Amino acid sequence: MLPEYGRPVHELLAELAELKAGDLPVRGGKVTAYVYDTGRPEIHDAAHRAYAEMLEVNMLDPTAFPSMIALERQVVGAVAGLLGGDGGTPGIFTSGGTESIMLAVKAARDHWRAAGRSGSGAPGDAAGETGENGARGPQMVLPVTAHPAFHKAAHYLGVEVVPVPVDPVTFRVSVPAVEAAIGDRTVLVVVSAPSYPQGVVDPVAEVAALASSRGVPCHVDACVGGWLLPWLREAGAEIPAFDLSVPGVTSLSCDLHKFGYAPKGASVLLFKDAALRRRAYFASAAWPGYTIINATVQSSRSAGPLGGAWATLQSLGRDGYLELGRTTLEATRRLVEGVAAIPGLRVLGRPESSLVAIAAEQDGPGGTDGAIDVFVLADEARRRGWFLQPQLSYAGIPANLHITVTGVTLHGVEAMLEVIAESAEAARKAGPAVVPDGLPELIASVDLEALDDATFTELAASVGISLDGGGPKEMAVVNAVLDALPAAVRETVLVRFLSGIYS
Ligand SMILES: Cc1ncc(COP(=O)(O)O)c(C=O)c1O
């Protein structure tokens, strides 16, 4: 509610602090997803101050605020310099991985249209396509482990996803499957470096060469790994070639708000050439107001994130990132080795980055006698003050828990291992989460779109979820129910859930 009279700042800050008391902590390393902590408060402080300094600059019009051009050139140049480009590499500073991916897909789609492969040949003219996923419309070849941001881009931009499987042991995309999936309507082939779920790098060089031989652009999603893998490599890890220097790679996304440790709202999209970058841009003079030239999806946007990212890069420097890379690598090795020694648990694949997926030795959750239900394990860890991120089973990959190891993890890695071991033991004793009899079948059979709010709220309550905004602490049953549903039904449930908590 809008107050009748303005309130003093101390009161507002006190209220924010109170509201945040129920949040997961963003510092300290006990939350193993969403947040990236260097463990060096002075770095985050520098970023906050620069963020605030640039906060009111509007990136809508670079000619009005040339400071943003200078900063963006420096930030894009730094990313290009580390990832196989140079001072002349074209790039765009965006608000995050999803926006970078959206623009990469738009550029590829419009490149395909301009080449006349959509039937009409006219840029931006979808004539010849027979609807959103029409038989002649654009397609994108995507590993099943690729981030949902590509599905979102496909949905927004009218591109059909052609999913390709990954190897069940290494979790890397199958090159022959990519080859078989490429067709006349393929506008883009995607690989991840690494993919988020298991932290492994797809065979970038092979896939990019293949795409290039078929005249198709290849995007490397290095959103999570772009600003991590080079430092891990320098620290001694074996990292395959994945960047813009790999022949056939035409664009690459790298989020600075992940392993760049910048405040949220910071990603860079690089292009092999400026012509492809122009396909990501949007201009409009089709109204009587100011002229629109946008490099990003957003139009008016704060330069705060750009200032924050620039300051983080400048205050850490090469030396700072290399040191963070060293500690991250050491912590990851210790974590992988420690988890392997915990009875009943295993690490999926061989993580090449610092993203680790932990599954039950017998695939679960809890389906087999004596197996640890990883969702119960996550609740046990949460009770002990640690957040481990549940990942549902998908495409033959079992349910598991995700841990993103960051710069701050090393000092607490032994404590983390102790909590995982204790929680695993408690989960074994507790047994698997009990899914109410017939509930997944019931959910799958009802028309969720048609359900009224009261009935959906009741349904949610039956698995212990109240839609009052305070997230449930016990999630094992919820996760087990979701896990038992097909992906499309999971999606409908999640949309209903989101609309429920905001109503
Ligand atoms: C590999 C990968 N790509 C894309 C994204 C999406 O990034 P964002 O959440 O910044 O939109 C993520 C996020 O974790 C990711 O790990």
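The values are calculated or read from the model by the stated rules, or taken from the named source; none is laboratory data. Bear in mind that the values here come from a model prediction, so they are computed numbers and not experimental data. Methodologically, a virtual Cβ is constructed for each residue, glycine included, from the backbone with ideal geometry; neighbour enumeration extends over all protein chains shown. These area figures cover heavy atoms from the full protein model, side chains too; ligands, DNA and RNA do not enter into them. Shrake-Rupley method; radii C 1.70, N 1.55, O 1.52, S 1.80 Å.
Structure notes:
- Per residue, the accessible area of the chain comes to 45 Å², computed with a 1.4 Å probe over protein heavy atoms only.
- Neighbourhood charge, 10 Å Cβ-Cβ cut-off, centred on V191 and excluding it, Lys, Arg +1 and Asp, Glu -1: -2
- Cα→Cβ-extended label distance, 7 Å offset, between T63 and Q298, nm: 2.3
- In order along the stretch 284-301, the phi-based Karplus estimate (6.51 cos²θ - 1.76 cosθ + 1.60, θ = phi - 60°) of 3J(HN,Hα) comes to 9, 10, 8, 6, x, x, 5, 6, 9, 10, 10, 8, 10, 5, 6, 9, 5, 7 Hz; Gly and Pro are listed as x.
- Highest-first arrangement of 151-157, 13-19, 186-192, 423-429, where packing means the average Cβ count within 10 Å: 186-192, 423-429, 151-157, 13-19
- For the stretch 485-503 and the stretch 177-232, distance of Cα centres in Å: 30
- Shape call, the chain: gyration tensor on alpha carbons, a/c limit 1.5: rounded
- Of Y36, Y196, the order by accessible heavy-atom surface (1.4 Å probe, DNA, RNA and ligands excluded), from most exposed downward, is Y196, Y36.
- Note on the stretch 1-44 and the stretch 262-328: Cα centroid distance 25 Å, given to the nearest whole angstrom.
- Peptides 309-321, 251-263 ranked from most to least packed by the mean count of surrounding Cβ atoms within 10 Å: 251-263, 309-321.
- Mean sequence separation of contacting Cα pairs (under 8 Å, at least six apart), scaled by the length of the chain, corresponds to a relative contact order of 17 percent.
- In this structure, S466 and S393 have a Cβ-Cβ separation that, at R0 = 30 Å, corresponds to a calculated FRET efficiency of about 0.70.
- Efficiency of FRET from Cβ geometry, L498 and V446, R₀ 25 Å, rounded to 0.05: 0.85
- Heavy-atom accessible area with a 1.4 Å probe sorts I101, I397, largest first, into I397, I101.
- Shape of the stretch 439-502, Cα gyration tensor, a/c cut at 1.5: oblate
- Applying the criteria of a DSSP loop state and at most 15 other Cβ atoms within 10 Å to the GluC sites (Glu not before Pro) of the stretch 35-103 yields E56.
- Peptides 221-233, 58-70, 238-250 ordered by average Cβ neighbours within 10 Å, highest first: 221-233, 238-250, 58-70
- Contact order normalised by residue count of the stretch 439-502, Cα under 8 Å, 6+ apart, percent: 45
- Within the accessible area of the chain, the carbon and sulfur atoms contribute 57%, probe 1.4 Å, all protein chains present.
- With helices as the sole contributors, the chain gives -13000 deg cm²/dmol at 222 nm; each DSSP H run of n ≥ 4 counts as -39500 (n - 2.57), and the sum is divided by every residue.
- The chain: antiparallel DSSP beta bridges as a percent of all, rounded to 5: 60
- Here the Karplus curve 6.51 cos²θ - 1.76 cosθ + 1.60, taken at θ = phi - 60°, turns the phi angles of the stretch 440-447 into couplings of x, 5, 4, 4, 5, 8, 8, 7 Hz, with x standing for Gly and Pro.
- Prolate/oblate/rounded label for the stretch 317-430 (Cα gyration tensor, a/c 1.5): prolate
- Alpha carbon centroid spacing (whole Å) that separates the stretch 384-419 from the stretch 246-261: 24
- Sorting S284, S195 by solvent-accessible area of protein heavy atoms yields S284, S195, largest first, with a 1.4 Å probe.
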